[in-house]
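**Q** So that we are looking at the same thing, I have put the structure below in structure tokens.
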Amino acid sequence: MVQLLKVHGSENQFFILDQTKLETQLTDKELSNLAIKICNPDNNILNGADGVLVINDSTHQDAIGQMRVINADGSEAKMCGNGLRTVSRYLSEKFNKDSFKVETLETDLEVKKSENLAKGVPAFSVQISPISFEAKDLPFSYNSEDEMIEQEVPEFLPNLKFTSIAVPNPHLISFVDKINEADLGKLGKYLNGANPYFPEGVNVSFAEILGNNQLFVQTYERGVGFTNACGTGMSATSLAFALLYPDKFTHTEDISVRNPGGMVKTHIELGNKKEESSIHLIGNATFTDTLDIDESSLHALDLDQFTIKSTGEEEDYLNFVDAIKA
């Protein structure tokens, strides 16, 4: 019998699969097919999810585990900030450690347990890295530009300015007076289909500046669509905010980032070069349910027979969200 966890960071929903506990690990094709099926809300498995977080043993000396991120469409992401917090909690409890490194597709990242956000709402701080503004790293192509920073791109949307940052997932960010969800969805869908600008797609975020060190961010995610929150999106947006709006950014304080799923905090330290800046994302790591299934059924993609048990943590998280909205 295998146990999957249903988890979320800021209501960015995932299933965690610890492959180290399997007799036979799933192949890449099996993982892709699993994500497509289990994340589809129409299949009525805990209302679906945005992806599957796969835990493997790490071969890196300083990392206690490896995280892979399989999106709901079966593609693989380089990183996921919200997902990393939940994986960090899982590994923290598994190995009884509060501070350690996790191997991701691009690099090993520092993570540590933080103070609970509220009663019953555990939180973790995770490093978001590496950072690049170079067109080749996103990648993007626009008028032979090497970078895109606060630039008008009428081919995207008129009267808006855009900034592109890889952290390492690619992000396109625009600060707006008020988020127009229809425009965000239209642009996100366009840039994640066949297009001449972002050949591998891009996460698109619109952000409202609510005050000093206060943002609201909504993201259309590559491989997923609209999500309640995007950890790397909020991180990249926070860095863009610190660079572009120094009069509203206080470097000694965390940035509060609200999103449709709740709130996180980011801590930005600007470097001598913008690529040398550091980002830490701090937010909840909530386990909502356990799902027990036979390993053979997992390999066969037979997801009709399983046992679900609620952890009760979602009620505490919703109480936290209500409190910050008050």
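**Q** For a quick check of your reading of the model, give me the residue pairs whose first member lies in region 88-103 and is more than 13 Å from residue 18 (Cβ to Cβ), whose second is outside any strand (DSSP E or B) and among the acidic types (Asp, Glu), with beta-carbon atoms closer than 8 Å and at least 6 apart or on different chains.
**A** Every condition considered, the pairs that remain are 92/98; 101/62.
**Q** So, one more: Go through region 301-314 and report how many residues are out of contact with any strand residue (DSSP E or B) (no Cβ under 6 Å at 6 or more places or on another chain) and either open to solvent by 70 Å² or more (accessible area, probe 1.4 Å) or within 16 Å of residue 8 (Cα to Cα) (or both). Spell out how you get there, then give the answer.
**A** Going residue by residue through region 301-314, those that are out of contact with any strand residue (DSSP E or B) (no Cβ under 6 Å at 6 or more places or on another chain) are 301-305, 312.
Add one more test, that the residue is either open to solvent by 70 Å² or more (accessible area, probe 1.4 Å) or within 16 Å of residue 8 (Cα to Cα) (or both), and what stays is 304-305, 312.
Within region 301-314, residues that are out of contact with any strand residue (DSSP E or B) (no Cβ under 6 Å at 6 or more places or on another chain) and either open to solvent by 70 Å² or more (accessible area, probe 1.4 Å) or within 16 Å of residue 8 (Cα to Cα) (or both) number 3.
Rundown of residues vs (1) more than 22 Å from residue 82 (Cα to Cα); (2) modelled with pLDDT of 95 or more; (3) open to solvent by 10 Å² or more (accessible area, probe 1.4 Å), yes/no style:
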residue: 247; (1), (2), (3): yes, yes, yes
residue: 252; (1), (2), (3): yes, yes, yes
residue: 255; (1), (2), (3): no, yes, no
residue: 265; (1), (2), (3): no, yes, yes
residue: 271; (1), (2), (3): yes, yes, yes
residue: 278; (1), (2), (3): no, yes, yes
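**Q** Related question: Out of region 286-300, which residues are more than 24 Å from residue 125 (Cβ to Cβ) and open to solvent by less than 40 Å² (accessible area, probe 1.4 Å)? Walk me through how you get there before you give the answer.
**A** Step one: list which residues in region 286-300 are more than 24 Å from residue 125 (Cβ to Cβ), which gives 289-300.
Once the filter is applied, which keeps residues that are more than 24 Å from residue 125 (Cβ to Cβ) and open to solvent by less than 40 Å² (accessible area, probe 1.4 Å), region 286-300 yields 289, 290, 291, 293, 295, 297, 298.
**Q** Residue by residue through region 154-172, note down the ones that are of a type outside the set (Asp, Glu), farther than 12 Å from residue 204 by Cβ and over 19 Å from the mean Cα position of the chain (by Cα).
**A** 154, 158, 159, 161 - these are the residues of region 154-172 that are of a type outside the set (Asp, Glu), farther than 12 Å from residue 204 by Cβ and over 19 Å from the mean Cα position of the chain (by Cα).
**Q** I'm trying to understand the selection: among the residues of region 170-202, which are open to solvent by 10 Å² or more (accessible area, probe 1.4 Å) and touching a helix residue (DSSP H, G or I) at 6+ places or on another chain (Cβ under 8 Å)?
**A** Listed by number, the residues that qualify are 175, 197.
**Q** Looking at region 212-245 only, could you name the residues that are of a type in the set (Val, Ile, Thr) and either open to solvent by 20 Å² or more (accessible area, probe 1.4 Å) or in contact with a Leu (Cβ under 9 Å, 6 or more places away or on another chain) (or both)?
**A** First, the residues of region 212-245 that are of a type in the set (Val, Ile, Thr): 217, 219, 224, 227, 232, 237.
Those that are of a type in the set (Val, Ile, Thr) and either open to solvent by 20 Å² or more (accessible area, probe 1.4 Å) or in contact with a Leu (Cβ under 9 Å, 6 or more places away or on another chain) (or both): 219, 224, 232, 237.
**Q** Filtering region 46-59 down to residues that are among the aliphatic types (A, V, I, L, M) and surrounded by fewer than 22 Cβ atoms within 10 Å (Cβ to Cβ), which residue is farthest from residue 307 (Cα to Cα)? So that I can check it myself, show each step before the final result.
**A** So in region 46-59, the residues among the aliphatic types (A, V, I, L, M) come out as 46, 49, 52-55.
Subset that is surrounded by fewer than 22 Cβ atoms within 10 Å (Cβ to Cβ): 46, 55.
Working: 46: 11, 55: 21 Å.
Here the answer is 55.
**Q** Determine whether region 77-90 contains at least one residue that is aromatic (Phe, Trp, Tyr) and part of a helix (DSSP H, G or I).
**A** Our first condition is that a residue be aromatic (Phe, Trp, Tyr); within region 77-90, this holds for 90.
From the residues that got through so far, the ones that are part of a helix (DSSP H, G or I) too are 90.
Yes, because at least one residue in region 77-90 is aromatic (Phe, Trp, Tyr) and part of a helix (DSSP H, G or I).
**Q** I would also like to ask the following. Report the residue count in region 76-111 for those that are under 14 Å from residue 203 (Cβ atoms) and open to solvent by less than 30 Å² (accessible area, probe 1.4 Å). Working first, answer last.
**A** Filtering region 76-111 down to residues under 14 Å from residue 203 (Cβ atoms) leaves 77-83.
Within this subset, residues satisfying the condition of being open to solvent by less than 30 Å² (accessible area, probe 1.4 Å) are 77, 79-83.
Count: 6.
**Q** Take region 1-12 and flag every residue that is within 15 Å of residue 50 (Cβ to Cβ) and in a strand (DSSP E or B). Even if it seems obvious, please write down each step before you answer.
**A** Taking region 1-12 and keeping what is within 15 Å of residue 50 (Cβ to Cβ), we get 4-12.
Selection gives 4, 5, 6, 7, 8, 9, 12.
**Q** With respect to residue 123, is the statement that it is modelled with pLDDT of 95 or more, closer than 21 Å to residue 289 by Cα, small (Gly, Ala, Ser) and in a loop (DSSP other than H, G, I, E, B) true? Let's see the steps before the verdict.
**A** Numbers: modelled with pLDDT of 95 or more: yes; closer than 21 Å to residue 289 by Cα: yes; small (Gly, Ala, Ser): yes; in a loop (DSSP other than H, G, I, E, B): no.
Answer is no for this residue.
Rundown of residues vs (1) touching a strand residue (DSSP E or B) at 6+ places or on another chain (Cβ under 7 Å); (2) crowded, with 21+ Cβ neighbours inside 10 Å; (3) outside any loop (DSSP other than H, G, I, E, B); (4) among the hydrophobic types (A, V, I, L, M, F, W, C), yes/no style:
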residue: 14; (1), (2), (3), (4): yes, yes, yes, yes
residue: 24; (1), (2), (3), (4): no, no, no, no
residue: 37; (1), (2), (3), (4): no, no, yes, no
residue: 61; (1), (2), (3), (4): no, no, no, no
residue: 74; (1), (2), (3), (4): no, no, no, no
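**Q** From 287, 306, which residue is modelled with pLDDT under 95 and not aliphatic (A, V, I, L, M)? Spell out how you get there, then give the answer.
**A** Working: 287 fails: modelled with pLDDT under 95.
Unique residue meeting the criteria: 306.
**Q** Quick one: in region 117-135, of everything that is within 20 Å of residue 235 (Cα to Cα) and surrounded by fewer than 17 Cβ atoms within 10 Å (Cβ to Cβ), which residue is farthest from the chain's Cα centre (by Cα)?
**A** 134
The values are calculated or read from the model by the stated rules, or taken from the named source; none is laboratory data. Only a predicted model underlies this, so the values are computations on that prediction, with no experimental measurement involved. Neighbour counts run over all protein chains shown; Cβ positions are idealised from the backbone, glycine included. Surface accessibility is based on the protein's heavy atoms, side chains included, excluding ligands, DNA and RNA. Shrake-Rupley method; radii C 1.70, N 1.55, O 1.52, S 1.80 Å.
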